[in-house]
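Below: one structure, written as C-alpha cells.
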Amino acid sequence: VQLEESGGGLVQAGGSLRLSCAASGFSFTSNSMAWYRQAPEKQRELVAEITTNGGGTNYADSVKGRFTISRDNTKNTVYLQMNSLKVEDTALYYCNARYLQRPWGQGTQVTVSS
C-alpha cells in the first residue's frame with residue numbers, strides 16, 4: 001500500500017495550490033477517499049472527503065467554498081484544489097481512505113504566508 005502526496009509548497013495568503021495523491025496497493029475505486037491535515041501541535045483533522053464515484057463530497061466548515069476535492073479513478077489519484085488560502089491552512093496534508101485508513105504517506109507541506 002502506498003499513498004504519495006504531492007503539490008504542496010509556500011504560497012501567499014489568497015493564493016492557490018493543487019494537491020495530488022497517487023494511491024496504489026489497494027482497491028482505490030472501492031474506497032471513499034479523503035484529505036486530512038495536521039498543523040503543528042494539533043491533531044490530524046478531516047478536510048474533505050469524496051465518495052467512490054466522485055458523486056458526493058463533504059468539507060470541513062473551515063474550508064467550505066474554498067477547497068474542492070476530486071478524483072480520477074482511471075489514475076487512482078485524488079486531488080485537492082485549494083483556493084483563497086489562509087495562513088491557518090498551513091499544515092501537513094495527507095490523503096487516505098475515508099474509512100479503514102491504510103498506512104499514512106509522508107504528506108505534503110502547505111505553508112501560507114501573510
(request) Go through region 1-16 and give me each residue that's open to solvent by 40 Å² or more (accessible area, probe 1.4 Å) and of a type in the set (A, V, I, L, M, F, W, C). (result) 1, 10, 13
(request) Scan region 17-52 residue by residue and report those that are touching a residue at least 24 places away in the same chain (Cβ under 8 Å), of a type in the set (Gly, Ala, Ser) and either more than 14 Å from residue 112 (Cβ to Cβ) or open to solvent by 60 Å² or more (accessible area, probe 1.4 Å) (or both). (result) 20, 22, 23, 24, 25, 32, 34, 48
(message) What's the number of the only condition in (1) in contact (Cβ under 8 Å) with a residue 12 or more places away in the chain; (2) in a strand (DSSP E or B) that residue 103 fails to meet?
(response) (2)
(message) Please go through region 1-20 and give me each residue that is farther than 11 Å from residue 83 by Cα and among the hydroxyl-bearing types (Ser, Thr, Tyr), ordered by number.
(response) 6, 20
(request) Go through (1) in contact with a strand residue (DSSP E or B) (Cβ under 8 Å, 6 or more places away or on another chain); (2) open to solvent by 20 Å² or more (accessible area, probe 1.4 Å) and name the single condition residue 77 misses. (result) (2)
(message) As an exercise: evaluate residue 62 against (1) within 21 Å of residue 105 (Cβ to Cβ); (2) out of contact with any Cys (no Cβ under 8 Å at 6 or more places or on another chain) and give the number of the one condition it does not meet.
(response) (1)
(request) Scan region 58-74 and report the pairs whose first residue is under 17 Å from residue 93 (Cβ atoms) and open to solvent by less than 50 Å² (accessible area, probe 1.4 Å) and whose second residue is assigned to a loop (DSSP other than H, G, I, E, B) and among the polar types (S, T, N, Q), with Cβ atoms within less than 7 Å and a gap of 6+ or a chain change. (result) 66/83; 66/84
(request) Kindly indicate the residue of region 86-100 that is assigned to a loop (DSSP other than H, G, I, E, B) and under 15 Å from the mean Cα position of the chain (by Cα) and also farthest from residue 37 (Cα to Cα) among those meeting that condition. (result) 99
(message) When you check residue 108 against the structure, is it within 16 Å of residue 18 (Cα to Cα) and polar (S, T, N, Q), yes or no?
(response) yes
(message) Just to check your reading of the model, which residue among 85, 92 is touching a residue at least 12 places away in the same chain (Cβ under 8 Å), of a type in the set (A, V, I, L, M), open to solvent by 40 Å² or more (accessible area, probe 1.4 Å) and closer than 18 Å to residue 10 by Cβ?
(response) 92
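The values are calculated or read from the model by the stated rules, or taken from the named source; none is laboratory data. What you are looking at is a predicted structure, and each value in this text was computed from that prediction instead of being measured. Note that we place each Cβ from the backbone using ideal geometry, even for glycine, and neighbour counts take in every protein chain shown. Each accessible area value is taken on the protein alone, full model and side chains, heavy atoms only, with ligands, DNA and RNA left out. Shrake-Rupley method; radii C 1.70, N 1.55, O 1.52, S 1.80 Å.
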